[in-house]
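The values are calculated or read from the model by the stated rules, or taken from the named source; none is laboratory data. Computed from a predicted model, the values in this text were never measured in an experiment. Every residue, glycine as well, gets a Cβ built from its backbone with ideal geometry; the counts of neighbours run over all protein chains shown. When the accessible area is computed, the model is the full protein with side chains, heavy atoms only, and any ligands, DNA or RNA have been set aside. Shrake-Rupley method; radii C 1.70, N 1.55, O 1.52, S 1.80 Å.
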Number of protein chains: 6
Amino acid sequence: MSQPAMGPILIINPNSSETVTEGLREALAGFNSAGGPPIECLTIEKGPPGVVTQRHVDEAALHTAEVIEKRSDAAAYILACYSQPGLDLARSITTRPVYGIQDAGVLSALALADMFGVIAVAEASIPRHLRNLRRLGVDQRLAGEVALAGSVSVAESGHGEQSYALLLQAAQKLKVMGAGAIVLGCAGMSGHRTRLAAEIACPVIDPTQAAVAMAFGNLVTGQG
Amino acid sequence: MSQPAMGPILIINPNSSETVTEGLREALAGFNSAGGPPIECLTIEKGPPGVVTQRHVDEAALHTAEVIEKRSDAAAYILACYSQPGLDLARSITTRPVYGIQDAGVLSALALADMFGVIAVAEASIPRHLRNLRRLGVDQRLAGEVALAGSVSVAESGHGEQSYALLLQAAQKLKVMGAGAIVLGCAGMSGHRTRLAAEIACPVIDPTQAAVAMAFGNLVTGQG
Amino acid sequence: MSQPAMGPILIINPNSSETVTEGLREALAGFNSAGGPPIECLTIEKGPPGVVTQRHVDEAALHTAEVIEKRSDAAAYILACYSQPGLDLARSITTRPVYGIQDAGVLSALALADMFGVIAVAEASIPRHLRNLRRLGVDQRLAGEVALAGSVSVAESGHGEQSYALLLQAAQKLKVMGAGAIVLGCAGMSGHRTRLAAEIACPVIDPTQAAVAMAFGNLVTGQG
Amino acid sequence: MSQPAMGPILIINPNSSETVTEGLREALAGFNSAGGPPIECLTIEKGPPGVVTQRHVDEAALHTAEVIEKRSDAAAYILACYSQPGLDLARSITTRPVYGIQDAGVLSALALADMFGVIAVAEASIPRHLRNLRRLGVDQRLAGEVALAGSVSVAESGHGEQSYALLLQAAQKLKVMGAGAIVLGCAGMSGHRTRLAAEIACPVIDPTQAAVAMAFGNLVTGQG
Amino acid sequence: MSQPAMGPILIINPNSSETVTEGLREALAGFNSAGGPPIECLTIEKGPPGVVTQRHVDEAALHTAEVIEKRSDAAAYILACYSQPGLDLARSITTRPVYGIQDAGVLSALALADMFGVIAVAEASIPRHLRNLRRLGVDQRLAGEVALAGSVSVAESGHGEQSYALLLQAAQKLKVMGAGAIVLGCAGMSGHRTRLAAEIACPVIDPTQAAVAMAFGNLVTGQG
Amino acid sequence: MSQPAMGPILIINPNSSETVTEGLREALAGFNSAGGPPIECLTIEKGPPGVVTQRHVDEAALHTAEVIEKRSDAAAYILACYSQPGLDLARSITTRPVYGIQDAGVLSALALADMFGVIAVAEASIPRHLRNLRRLGVDQRLAGEVALAGSVSVAESGHGEQSYALLLQAAQKLKVMGAGAIVLGCAGMSGHRTRLAAEIACPVIDPTQAAVAMAFGNLVTGQG
C-alpha cells in the first residue's frame, strides 16, 4: 500500500455506547496492524444507548448520514448496527463503498455454509431482520433466528459469563435447527465470537468484522 | 497477531498456468504486507492450462483435495477457480474454512449492490455458473452474465489492452442490464480490476480477492 | 355506521405540495360521500416539494411519525407516497392499521391480474421500488417498471396533457411487457387514472385509492 | 357518485345456503349505506350447501359463469367462496373486474403484516388453498393454515359460540406460528370477524369484505 | 408382467377430434407393443374440437371426471390436454395415479436440461400455462414460451409441412432464449416430435408421451 | 420398434456392489420384457461399496465418464446413484440423454403430488441432497427428508424386514410432514417400493425406475 493519502475505513456505531465502540476497536485490532487503511471506530453521541426500536433505527439513519458527510475523507463506511440504519441513504450521498453489517454478515455466512442461523439480542428485532433478509433475497437459506433468552443490553451482549451462556444456548438451538454457520445479530456481541466458535465447532460470524474484511480486501488490493 | 504458528491462507489455482498464479500473487500482495496470516498461492502443475471443460472441473476437484490433505498446515483454503472445483469435497475433508471464489465474489457483490453482473471468459461456462447461482440461492439477483466477445485464454484475460477492451465492453453491457456491481468470472482477470472499476464507475469484484478478504478477516480477528 | 366517534382515515402526504394533496382529496372524494369514516388528507408542510431522494424518504419517515402521534384520533393511516416513508416506524407506534401505498397498490393489482407493471415518475426511484418489491415478496410478478420519459414533477404528474401523454406511453410499453394491470407509481398521478384505464383497456391502480379502499372496507364493516 | 346507471357490485355465493348469503349481506351492509354502487349478494340455488369437495368447486365454476353472463349489468363481480371457483373463466367472459376472495383476502393481509395465517373450515381444503398461494406467488409469506378443530359447516362457521371458540383457538395457534394478520378462509365466517380481531389483538381479514373493498374503491373513484 | 387383470393406462383426449386421438395412438404405439399395461386412447365426443378457451377447460374438467368414474378399471389416467382440465378433480375421485400432461412434460424436460421452452398453439393460452407453472413452482426455469406464428388448429398442429415449419421457427426462437429442452405445448403436436428434435439438435418432449412413460414405468415395475 | 440397432438404456451403478446392481435388474425387469430398447445394468467394480462420502461422489464422476466413453453404443444413460455423480460431466461428453436419478425421482414425484418427501440412507447425505434440490429449483416443494433411523448399508436398504421397518417408519414421518409422494433416496431401496406404497397408501417413487421410464418413453416413441 504505497499511496499515503488513503482515508480510513470508518466504522460508525450509531448508538451512544462507548463500551460497544471500544469492543469494536478490540475486535477489529487485527486489521489495524496490517499496514492497510486505518480502521477508525466512531460513536454517535446523540444516538440511543442501543438501537432497539424502529424509531432508533430511523433516527440513526439521519445521524449516520451526517457523519458520512462530515467525514468525506473515509475510504469506506461500515454501518455497525445489525439494523443497518440509513444504508440506502448513505449510498445515495457517497460514491464510496458502504456496508451494512447485517448484509455483510449474512452473505459471509453463506460463503461458508448451506444454511445460516442468527442470534438476536431481543425477540422484537427479529421481524425487522426478516424483512431485510427478504429484501436481500436470501431468506430461504435461514435455518432460524433465535433471541437471547434473558434480557441483555447491546453493550452487555459481548462481555461476561452471563451473556456468553445465553449466546451459547442460542447457538446450540440454531445448530439443531440446521445452521451451518451462525451470525451474531448485534454489533455488540463480537467479544464472544472466538470462544463461541471453538465451543460449538461451527463458524461464527461477527458481522462488523465481516463488513470490515470486505472493505479492507477491496482497499488493500485497490492499487493492483 | 501474536500467535507464531498460524498457517497460511492457501490459494489453490487448479490450472497449471504459473502466469495466472503470479497474477493472483500480485493481486493479493496487499494482504501479505499486512502482518496477518501469510498468503500463499499455489499452482496445480498437473492441472489443465485453464479450467474450461466440465471434465477439467471434475478432475480439478480431486487435485485440490490432494493439495488440501498435503497442506493440512493451512489456516484456510481458497479454491481460486470460478467453477470452484471440489468445494463440497474440500469441506468434507477439513474442518478449516474453505471458500469457493464464485460464491465469495457473488456474495461480496451483493453486499454492495442490488443486482450484480458477471463477466465470463467463455459462453460455454455460463450455464455452469447459473447452476451454481441456483444452488447458492441468489440467481434472482443476477442482472446478467456476459462472455468476452473474443477468444481469450484464462491467462490472457487479466493482461493486455485487447482483453481489457473486451472486459470493458462486457462491463458496459452489464451496467445497461442493471448491474450495480460486477464480478469478474475468472480468477485470471484480476489484473484489470482497478482500471475497470475506475472507468465504469461501478464496483468491480475480483472473486479471489473477495474470498481472501473473508478468510483474512476471519483470521486476523480470530484471537479477539 | 352508527358509532359517532369514529376517527378519520388520515391520508398523509409527506411532501409539501398542496396541489398533490388537493389532487388526493379529489381522487378520494367518492369515499367521503359514503357515510363511512371521514377521509382527511394532510400535507406535511416541512416536507420537500416532492419525495425524490432517499434523504427525502428518510426525513419523511420521522415527519410522518410526528403526525401519527399528534393525530392519535385517526382510525387508520395511509402513507401517501410511493416510497412509503416510515411504514415500519408508524407500525411500531400505533396499533391502528397503517398502509403504505406501494404495498397496497401492488397487492391490489395482483388481485386483478397475473403480472403487473409500474409507472415511475423518475428512473432514479426504480431501484428503491424494486427493493421494496423484494421485501414484499412479489418481485417475480413484476412485468416491468417504466419511468416517464420526460422530466415531470410529482405535482405535475397527475395534471395536463403533457404528463398524460407520457403516462400513456409508459403504460403502452408495460402492456407489451406483459402487464395485466398497471400501478401508478406516485401519489400525484391519480388525476389521470380513469382516462388512462379507459384508453389502454386495462386496470389502472391508483395506489392511494387502493390503500384507502382497504382501510375503508375494514372500517365500514368493523361493527359487523 | 352522480352517474345513475352504475351497476351493482355482484357478490356471488356459489353455495345454496341463504344463511351464508344473508351473513354476507350483513357483513357488507356498511358499503351499501355509502352512496356508492349498490352491493348485491346472490345465492346460486343449484349449488351445494357448502363448496367442500373439488367437484363442488369445478361445478361452481360453470354456475358462476352462467350468473355472470345473465348479470352483465354488474360493475364488478366477487366470487364469494374461498376456493374462488371459476375465477379464470369469469375473467375470460367479462372485461369488468372479477375478484376471488382468497386472492383479495390474502393480498389485503399482506398490506398489513409481514406474515399471514389462514383459518380453514376443514383440513381437506388446505392443500387446495396452498396450490392457489403458489399460483399467487405468496406462499413464502404464509405463517400457517389451521383448520377448525371440530366439524363445522360453512353456514355455521360464522355464527354461535361453538364455532367462535374454534376460530379463536385456530387464531391463537396462528399467532404463535408468526402470523401478523389472519385471513378467514371461508366466506361464511364473517360474522365473527370483529369480535375475533378484538380478542386476539391482531388484524382479521374477512376475504369477502376485502374483495368488495377493492371493487368499491375502484368504482367510487372511477369518475375521478 | 404376470398379473392378467391389469387395467389400461387410459389417455383421455378432452376434445372431440378423433384426428388428435388417432395421433396420440400412433405416438404411443411403442408402449403398446411392450407387454405392459394396455394403452387406451379415448376421445370425449361432447368436447369442443379443440380446448382453446377457459370455458372449454372448465367444461372438460367435468367431462373427464365422468369418464374416470365410468372407467374405474383403468390403472392410471392421463389428461391429454396441455391445460390438464380437471386434474385436481380427478385426483379427488380416484386413488389411482392421474397425470396432467403439462406437469409431466415440463418436469420431464427439467430432467434433461437447465432451462426449458414451450411451444404453444396460440398466444391466448400462454398466460394460462404460466399460472400453472407458478402453481407447479418451476416458473423460474422457463426460458420462454412461444406461440405458433400462424393460425393452426390443435388437430393440424401435428401434421403437415406448414405446421412443421411454424414449430421449427418457434423452437429456434426458444433455443436462442436459452431453452435446453423444448416441450410441445399441445397434445396434438406429437407427430412432429422426432423430426423436430433431430433438426434442432435438442431434446423435444411430447407431453403425452412423457406422462404415459411415467405411468408405464410405475406399472411395469409395480410387481417388483 | 423395428430398428434393429437401438443401443441399450445403460444403468450405471457407481458403487461396486453387485447386490445393488442385481436389485436394479430385478426392479427394472418389466421394461426389458417390453420389446423396447434393452435395459442393461452395470456395476463399476472399482467404485466404493456404497457412495457415501463426497469423495466417493467426486471419484464416481470420473468413473462414470469413463464408462460412458467406452459404451458409446448406449441410447441413454442413467446415473443410478442418488448423488448423481458426474451428471454435468456426462452431459458434456455425450449428446445422448443422461438422467440423474435424484432429479428424475423428485420430478416424477412432483407429477403426482403437491409436496414430496425423501427417505435418505444416512443423515450425512441430506445436506448434499438439499443442495441439489436448490440447483434443481424445487426445494420449496420438499415436505421433508428423513434418514433411516438405524445404520443400514446401501446394499441392505432394499432387502429384509429390518430395513423395511426403518423405511416404513421414515415414510410415516414424511406423510405427517405433508408429503403426498415419497422418493426413495437411494438406488438400493427399490426392492421395498411396492410393499411400502401399498402399506402407506401413497405413491412411492423408486428413482432409478423413474429415470428409466423417462428414457424408455423417449426411445420407444422415438420413431414416431
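Quick one: order E:SER157, E:SER16 from most to least accessible surface, probe 1.4 Å.
Listed by decreasing accessible area, they come as E:SER16, E:SER157.
Run through the other copies and list how far each one's label point is from that of A:ALA165, in nm with one decimal, shortest first; the point sits 7 Å from Cα along Cα-Cβ.
Spelled out, the distances from A:ALA165's label point are 4.3, 4.3, 7.0, 7.5, 8.4 nm.
Just to confirm a number: summing +1 for Lys and Arg and -1 for Asp and Glu over residues other than E:PRO8 whose beta-carbon lies under 9 angstrom from that of E:PRO8, what do you get?
Local net charge: -1.
Can you list the distances in nanometres, one decimal and ascending, from the B:VAL176 label point to the identical position in each other copy, with the point 7 Å along Cα to Cβ?
1.6, 1.6, 5.6, 5.7, 5.8
Taking a label point 7 Å out from Cα toward Cβ, give me the nm distances from F:LYS70 to the same spot in the other copies, shortest first, one decimal.
2.9, 5.6, 7.4, 7.5, 8.5
Of the heavy-atom accessible surface of segment D:102-207 (probe 1.4 angstrom), what whole percent is carbon and sulfur?
Carbon and sulfur: 57 percent of the exposed surface of segment D:102-207.
Gap in Å between the Cα centre of segment B:101-125 and the Cα centre of segment A:142-168?
34 Å
Label points 7 Å out from Cα along the Cβ direction at F:LYS46 and E:ALA198: separation in nm?
It works out to 3.8 nm between the two label points.
Report the calculated FRET efficiency for B:THR95 and F:ILE93 (r = Cβ-Cβ distance, R0 = 25 Å), to the nearest 0.05.
0.10
Please give me the summed charge of the neighbours of B:VAL183: other residues whose Cβ is under 12 Å from its Cβ, Lys and Arg +1, Asp and Glu -1.
Net of charged neighbours comes to -1.
Return the average number of partner chain Cβ atoms within 10 angstrom of each residue Cβ along peptide C:103-116.
6
Could the peptides A:171-177, D:20-26 be put in order, highest first, of the mean number of other beta-carbon atoms found within 10 Å of their residues?
Result, highest mean first: D:20-26, A:171-177.
Which value in deg cm²/dmol, rounded to the nearest 500, describes the helix-derived mean residue ellipticity at 222 nm for chain E, given -39,500 (n - 2.57) per DSSP H run of n ≥ 4 and division by the residue count?
-13000 deg cm²/dmol
Amide H neighbours of E:ALA147 under 5 Å, at least 5 residues apart or on other chains, H built in the peptide plane: list them.
The list, which skips near neighbours in sequence, is E:ALA120.
Percent relative contact order of chain B, based on C-alpha pairs within less than 8 angstrom and at least six residues apart?
23 percent.
Counting partner chain Cβ atoms within 10 Å of every residue's Cβ in A:188-194, what's the average?
2
What's the average, rounded to a whole number, of partner chain beta-carbon atoms within 10 Å of each residue's beta-carbon in E:204-215?
The mean count of partner-chain Cβ atoms within 10 Å per residue comes to 5.
Might you work out the accessible area of E:SER151 for me, using a 1.4 Å probe with all protein chains in place, and round it to the nearest 10 Å²?
Number for this one is 120 Å².
Suppose R0 equals 60 Å; then what is the FRET efficiency for E:GLU66 and A:GLU66 from their Cβ-Cβ distance, rounded to the nearest 0.05?
Using R0 = 60 Å, I get an efficiency of 0.25.
If the only charges are +1 at each Lys and Arg Cβ and -1 at each Asp and Glu Cβ, what is the size of the charge dipole of segment D:114-224 around the Cα centre, to the nearest 20 debye?
280 debye
Consider the operator that turns chain E into chain B: which E residue has a Cβ nearest its axis, and what is that gap in Å?
Of all Cβ atoms in E, the one closest to the rotation axis yields E:GLN140, 4.
Can you give the net charge of the other residues whose Cβ lies under 12 Å from the Cβ of D:GLY100, counting K and R as +1 and D and E as -1?
0
Between rounded, prolate and oblate, where does the protein assembly as shown land on the alpha carbon gyration tensor, with a ≥ b ≥ c its root eigenvalues, rounded for a/c under 1.5, else prolate if a/b exceeds b/c?
oblate
On average, how much accessible surface per residue is there in segment A:102-206, in Å², for a 1.4 Å probe, leaving out ligands, DNA and RNA?
I get 32 Å² per residue for this part.
Place a +1 charge on the Cβ of each Lys and Arg in chain E and a -1 charge on the Cβ of each Asp and Glu, then give the dipole magnitude about the Cα centre in debye, rounded to the nearest 20.
440 debye
Can you find, among F:TYR77, F:PRO97, F:GLY178, the residue farthest towards the positive end of the dipole of chain F? Put +1 on the C-beta of Lys and Arg, -1 on that of Asp and Glu.
Of F:TYR77, F:PRO97, F:GLY178, it is F:GLY178.
Tell me the relative contact order for segment D:102-207 as a rounded percent, counting alpha carbon contacts under 8 Å between residues six or more apart.
37 percent
Relative contact order for segment B:80-164: what percent, with Cα pairs under 8 Å and sequence separation of 6 or more?
25 percent
When the Kirkwood hydrodynamic radius is evaluated over all pairs of different C-alpha atoms of chain A, what value in angstrom, to one decimal, is obtained?
17.3 Å
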